[in-house]
Amino acid sequence: MKKELLKEQDGQRDFNKRRQFLKLSGVVVIGSGLMMACSNDDDGTDLDPEVFDLGSGNLGILNYAYALEQLEAAFYTKVLDGAYWAGAPANEKRILEDVYNHEVIHREFFKTAITAVAPNDIVPQLEFNFSSVDFSSRASVLGTSKVLEDTGVKAYNGAGKLINVGDAAGMAYLTLAGKIVSVEARHASVIRDLLNPKSQDFAGDDILIGLSGTGKAFDKAAEPSEVLAEVGATGFVVTPFTAKNLPTS
Amino acid sequence: MNFIKILDMLSNKDLLSKAGSRRDSFDQFKKLGTSVALASIPFGLAATSAKTKAANSAMFGTFGTADNIDVLNFALTLEYLERSYYRQGLDALGLIPSADQTVFATISKHEDIHVEFLKAALGDKAIAEPTFDFTGKPGGLNLDPFGDYPTFLALAQGFEDTGVRAYKGQAGALANDNDLLQYALQIHSVEARHAAQVRRMRNEKGWITQSENTLPAAFAGIYGGATPESNKTQGGVDLAGKFGAFGGDNALTEAFDEPLTMDEVLAIGGVFIV
């Protein structure tokens, strides 16, 4: 029932699907479900949601990573259900299946790790809407994959310094971020090479930057606010959540 | 050169004590800032205002730069090695097929820039470039990477995968300095992009399954170590056997890259350092 409602209203909201995130005095709210829930509370039940906030400190960073991994895992789940994957050459099928496995494992790892330390403050299972992706199209699937992987790389690179390493757990979180980010970078490299084989694109000038005047040879490092605004702009995230309390340094 | 000697070279704590005071070393950095354009940003060391100077001195006093300098010199050693390797590879006539030239020119350019950046950051604390012998003679090997393309590809993969694990292993050591940590991460993921590309040119997966080593046996350490690539425990959670529906333990080990310690990396690199 709820799902049908969502679908119906999605159609009406096509015009602003890509702008369904709000930036309110520096607070990023993403997820189109926020407006949905607000406009549907005329059936007597209180649908005004208690919008989830990622939280503060290291927990906030873990939840941030978990939300991003949920997005990636959900995307590749759709990819493997789609027509492009079904008919893709064997090597592309294998690559996308591997990436799917890795992202599900990342997602489940974060779910387990966060539940262990903060069972009541973990990001809920998020709902996504990938209707803007054509899962029968190689260009659409790989193009979206490229953006998601490059985003993952710069998100983890930017999150590293936000982790408080004042205790052993914090140091472990930093190490974990390092263990995952290089796999995201491997994904990005492989997807980019599928799109433009044996070009410079696996580590292309379109994504790398220079530091203090050097040529381009470094990945970006992006703040959560930038990453979440970009993720919100895709329109993929239906479940609303906020990031009001993430560390900024 | 064996890796103990390299270690000695890297952890020459006399560097700082000889300089007499941290203030002196700061002044050296500052001087560098005026003579090398690139040196202006990393660590904010080249800033000249009294306020910044005080802040930097305080930072040095609190955290001690000696360890960070060791780490940066360690990174610089790896980047020197990679730079030298790709330059020689690109210079070797007929080695790299034309279809693969763009990839290696791109990687080579990045390693040039990494060296340039780290040297500028370190200023006169930067160690000199070692002499490399890519036949592996210092380690008792007799390889022909610049005459045999499969060998060239194999060593390139080894250096890139090692680089990824080496930077990862130092993240904790750099955690006392947000800027340094972030720069290191920004290089780290580029090494991972390189590694995946080179692996695929050898018909390997872009990611590392278990601790599989398809390089000469002498390089098994690149995928082994105290925390081997086949590690299945993450954040204290034993994940072995938990992902049967998602590629199993093979996918699990692919999903997490693992660090190498400085000693482990130097043991690998020492094979090529005269």
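The values are calculated or read from the model by the stated rules, or taken from the named source; none is laboratory data. All values derive from a computational prediction rather than experimental measurement. Cβ sites come from the backbone with ideal geometry, for glycine too, and all protein chains shown count toward neighbours.
Numbers for the structure displayed
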read-out: Residue list for the range A:183-212, filter: without any contact (Cβ under 8 Å) to a residue 24 or more places away in the chain, part of a helix (DSSP H, G or I) and more than 8 Å from every other protein chain (Cβ to nearest Cβ); value: A:D201
read-out: Filtered residue count, the range A:230-239, keeping only those that are crowded, with 17+ Cβ neighbours inside 10 Å and small (G, A, S); value: 2
read-out: Flag if A:T115 is touching a residue at least 40 places away in the same chain (Cβ under 8 Å), not aromatic (F, W, Y) and not in a loop (DSSP other than H, G, I, E, B); value: no
read-out: Unique residue being within 30 Å of A:D150 (Cα to Cα), within 14 Å of chain A (Cβ to nearest Cβ) and in contact with a His (Cβ under 8 Å, 6 or more places away or on another chain) when the list is B:V115, B:V164; value: B:V164
read-out: Condition check for B:G123: within 28 Å of A:L208 (Cα to Cα), more than 17 Å from the chain's Cα centre (by Cα) and either more than 9 Å from chain A (Cβ to nearest Cβ) or among the basic types (K, R) (or both); value: yes
read-out: Condition check for A:A169: within 16 Å of A:T151 (Cβ to Cβ), hydrophobic (A, V, I, L, M, F, W, C) and assigned to a helix (DSSP H, G or I); value: no
read-out: Of all residues making up the range B:167-180, the number that are facing chain A (nearest Cβ under 7 Å) and either buried (at least 24 other Cβ atoms within 10 Å of the Cβ) or not in a helix (DSSP H, G or I) (or both); value: 4
read-out: Check on A:E226, more than 7 Å from chain B (Cβ to nearest Cβ) and either farther than 15 Å from A:L68 by Cβ or surrounded by fewer than 17 Cβ atoms within 10 Å (Cβ to Cβ) (or both); value: yes
read-out: Tally, over the range B:235-255, of residues that are out of contact with any Ser or Thr (no Cβ under 9 Å at 6 or more places or on another chain) and on the phi < 0 side of the Ramachandran plot; value: 7
read-out: Test: residue in the range B:212-223 that is without any contact (Cβ under 8 Å) to a residue 60 or more places away in the chain, more than 20 Å from B:G270 (Cβ to Cβ) and either under 19 Å from the mean Cα position of the chain (by Cα) or not assigned by TED's automatic domain parsing to the domain that holds B:A121 (or both); value: yes
read-out: Among residues of the range B:233-245, those that are more than 11 Å from every other protein chain (Cβ to nearest Cβ) and either touching a His at 6+ places or on another chain (Cβ under 9 Å) or among the basic types (K, R) (or both), counted; value: 0
read-out: Which numbered condition B:A217 misses (of (1) within 8 Å of chain A (Cβ to nearest Cβ); (2) modelled with pLDDT under 95); value: (1)
read-out: Cβ-Cβ under 7 Å pairs, at least 6 apart or on other chains, the range B:195-211 side facing another protein chain (nearest Cβ under 8 Å), far side in a loop (DSSP other than H, G, I, E, B) and of a type outside the set (F, W, Y); value: B:A196/B:G206; B:R200/B:G206
read-out: So A:A221, is it of a type in the set (G, A, S), within 21 Å of the chain's Cα centre (by Cα), surrounded by 18 or more Cβ atoms within 10 Å (Cβ to Cβ) and closer than 24 Å to B:E229 by Cα; value: no
read-out: Selection within the range B:251-265 - outside any loop (DSSP other than H, G, I, E, B) and either modelled with pLDDT under 95 or surrounded by fewer than 17 Cβ atoms within 10 Å (Cβ to Cβ) (or both); value: B:D263
read-out: So A:A222, is it touching a residue at least 24 places away in the same chain (Cβ under 8 Å), under 22 Å from A:S249 (Cα atoms), assigned to a loop (DSSP other than H, G, I, E, B) and hydrophobic (A, V, I, L, M, F, W, C); value: yes
read-out: Qualifying position, being touching a Phe, Trp or Tyr at 6+ places or on another chain (Cβ under 7 Å), of a type outside the set (F, W, Y) and buried (at least 23 other Cβ atoms within 10 Å of the Cβ), among A:I163, A:I209; value: A:I163
read-out: A:T175 vs. criteria touching a helix residue (DSSP H, G or I) at 6+ places or on another chain (Cβ under 7 Å), hydroxyl-bearing (S, T, Y), at pLDDT 95 or above and part of a helix (DSSP H, G or I); value: no
read-out: Qualifying positions in the range B:222-249 - in contact with an Asp or Glu (Cβ under 9 Å, 6 or more places away or on another chain) and either part of a helix (DSSP H, G or I) or among the hydroxyl-bearing types (S, T, Y) (or both); value: B:I222, B:Y223, B:T227, B:S230, B:F246
read-out: Any hit, the range B:148-156, residues being within 17 Å of the chain's Cα centre (by Cα) and of a type outside the set (F, W, Y); value: yes
read-out: Residues of the range B:181-194 satisfying the condition of being at the interface with chain A (Cβ under 7 Å from one of its Cβ atoms) and over 26 Å from B:A99 (Cβ atoms); value: B:L181, B:Q182, B:Y183, B:L185, B:Q186, B:I187, B:H188
read-out: Index of the failed condition, B:F159 passing every other in (1) touching a Phe, Trp or Tyr at 6+ places or on another chain (Cβ under 7 Å); (2) closer than 30 Å to A:K93 by Cα; (3) within 12 Å of chain A (Cβ to nearest Cβ); (4) not basic (K, R); value: (3)
read-out: Residue in the range B:246-261 that is in contact with a His (Cβ under 8 Å, 6 or more places away or on another chain), within 13 Å of chain A (Cβ to nearest Cβ) and among the hydrophobic types (A, V, I, L, M, F, W, C) present; value: yes
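Conditions (1) farther than 20 Å from B:A196 by Cα; (2) assigned by TED's automatic domain parsing to the domain that holds B:N68; (3) aliphatic (A, V, I, L, M), marked per residue:
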position	(1), (2), (3)
B:K125	yes, yes, no
B:A128	yes, yes, yes
B:G147	yes, yes, no
B:P150	no, yes, no
